[in-house]
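What follows is calculated from the coordinates using simple rules that are stated; it is not laboratory data. Note that the structure is predicted; figures quoted are calculated from it, not measured. Please note: Cβ atoms are built from the backbone with ideal geometry, for glycine as well, and neighbour counts cover all protein chains shown.
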Amino acid sequence: MIYHNEPWVQVAYLNEDNQIYFTDEFLEIMGDLGWETKAFVGHLLGLWYDPFEHMLDYASGEATVTADQPGLFQRGGLTDPQEVVEYWAVTWSQNDNSHQPAHEAGTGLDLGAEWYRDVLRAKLVSLRLPRRLLIAYKEQTVAQIEKLEMMLNQQ
C-alpha cells in the first residue's frame, strides 16, 4: 500500500531550456546502478515490457520523425539531459487501439508521433514514487548483480 505521508521522490524535472534531468534525490538513491537506472525508468514509462528499458537510452542516435526533437543523441549519462526517444511514439502513431501485439497499439486517432512522445515526456517529469520502492528495487538489483558475479567467478 502507498501512503500520502510517506517520503516520495520525484524522478525527473524539466529545466528552463525544456530539457529533462533526473532529480538529485533520485540519483542519490539510484545513480550508482548506472544504465540499470535508465532501464528502470523506461519500464516505469512503458508496460514493463523489455524493449521499453531503452526508452531513455536509444542507441541509434537518430530522431528523424519528430522535427522538434534533437536529431542526434547517444546514451547520455545519468547527469546529462534525458530524452524520450521517438521510436515507440512512431510505432504508436501508426497503429490503432486494437493492434497486436498490444504494446505496439496506439489510440487510432491519427495523433502524430510528437503527441505520443510528449505524453511520455510529460509522464517522465511528473513521475513520483515512494522512496522505499526505489530503495527496494535498488537493493534487489544489487543483490542480483552480486549473485550473477559470484556465479561467474565460480566457473
Check your understanding: Contour minus end-to-end for A136 and K123, with contour as 0.36 nm per residue of separation and end-to-end as the Cα-Cα distance?
Key -> 2.5 nm
**Study point:** Listed residues Q154, H103, V90: farthest to the positive end of the dipole of the chain (Cβ charges)
**Key:** Q154
Exercise for review: Please give every one of the aspartates and glutamates within straight-line cross-link reach of K138, meaning a C-alpha to C-alpha distance under 13 Å, and leave out same-chain neighbours fewer than 8 residues apart.
Suggested key: E28, D32, E36, E146
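Of all alpha-carbon pairs in the chain, indicate the percentage at a distance above 18 angstrom. The partial results should precede the final answer.
Details: 7446 of 11935 pairs.
The proportion of pairs with Cα distances above 18 Å equals 62 percent.
Let's see if you can work this out: charge +1 on each Lys and Arg Cβ, -1 on each Asp and Glu Cβ, no other charges. What is the dipole magnitude of region 8-154 about its Cα centre, in debye to the nearest 20?
Here region 8-154 has a charge dipole of around 440 debye.
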Exercise for review: Mind pulling the angle between the C-alpha long axis of helix 35-45 and the longest principal axis of the chain? Nearest 10 degrees, somewhere in 0 to 90.
Suggested key: 50 degrees
Check your understanding: Most exposed first by the Cβ proxy, i.e. fewest other Cβ within 10 Å, how do L109, L56, L133 rank?
Key -> L109, L133, L56
Point to revise | Under 16 Å from K123, Cα to Cα: lysines that are on another chain or at least 8 residues apart | key: K38
**Study point:** Taking W115, W88, W48 and counting other C-beta atoms within 10 Å, the order from fewest to most
**Key:** W48, W115, W88
**Study point:** 0 to 90° range, to nearest 10: angle between helix 113-126 axis and the chain longest Cα axis
**Key:** 30 degrees
